[in-house]
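Accompanying notes for the structure given below.
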Amino acid sequence: MNSTNAALLAGRVLLASCFLPSVISRASNLSGFAALLASKGLPYTDFLAAAVMIIEIFGPVALILGLAPRLAALSLVAATLLTTGILHRFWEMSGTIRMIEQAVFMANVGAIAGLLLYLVTGPGEWSWQSWWRGE
């Protein structure tokens, strides 16, 4: 079972790394992210921008550690669905930008799929949760 636990740990680390570029960008310009959400017609954009940033900071840390797997997975799924559905509407675009946005959209769909698999499988034995339970 060590190979299974190694694969689960590697998967958690790789999945968490998918969120690193966006959280660095958002953390460095939170007001810009809120303005972008406002330009899409969303209400409470300061709150939403802060919530997404917090989820995208703590969610990957929880993934790596195997801490609160269901909460981490569901929070990241919700944040990814929100940002993907609002910011990467490739079907409304044309040309090169459409291809770029479609690629980002599909990458995010892949991350959501990985999070759903994590939700079902759990973090494995090499995790905080397993250690906490004494497994």
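Of the residues making up segment 84-111, those that are more than 18 Å from the chain's Cα centre (by Cα) and either outside any helix (DSSP H, G or I) or not small (Gly, Ala, Ser) (or both) are Phe90, Trp91, Glu92, Met93, Ser94, Thr96, Ile97, Arg98, Met99, Ile100. Can you name the residue in segment 112-122 that is assigned to a helix (DSSP H, G or I) and not hydrophobic (A, V, I, L, M, F, W, C) and, of all such residues, is most open to solvent (accessible area, probe 1.4 Å)? Among them, the one singled out is Thr121.
Taking the listed residues Leu67, Leu63, Leu76, the one that is in contact with a Phe, Trp or Tyr (Cβ under 9 Å, 6 or more places away or on another chain) and not in a helix (DSSP H, G or I) is Leu67, with no other qualifying.
Just the residues that are in contact (Cβ under 8 Å) with a residue 12 or more places away in the chain and either basic (Lys, Arg) or surrounded by fewer than 20 Cβ atoms within 10 Å (Cβ to Cβ) (or both), please, taken from segment 59-76. Within segment 59-76, Val61, Ile64, Leu65, Leu67, Ala68, Arg70, Leu74 meet the criteria.
So which residues in segment 1-57 are within 19 Å of Phe105 (Cα to Cα) and not in a helix (DSSP H, G or I), if there are any at all? Within segment 1-57, Cys18, Phe19, Lys40 qualify.
So which residues in segment 86-106 are exposed (fewer than 14 other Cβ atoms within 10 Å of the Cβ) and touching a residue at least 40 places away in the same chain (Cβ under 8 Å)? Across segment 86-106, there are no qualifying residues. Within segment 41-54, residues that are of a type in the set (Val, Ile, Thr) sit with their Cβ atoms under 6 Å from residues that are open to solvent by less than 40 Å² (accessible area, probe 1.4 Å), at 6+ positions apart or across chains, in these pairs: Thr45/Ala34; Thr45/Leu37; Val52/Ala79.
The values are calculated or read from the model by the stated rules, or taken from the named source; none is laboratory data. Keep in mind the model is a prediction, meaning the values are calculated, not measured. Note that each Cβ is placed from the backbone with ideal geometry, even for glycine, and that neighbours are counted across all protein chains shown. For the accessible areas, the whole protein counts, side chains as well, though only heavy atoms, and no ligand, DNA or RNA atoms are used. Shrake-Rupley method; radii C 1.70, N 1.55, O 1.52, S 1.80 Å.
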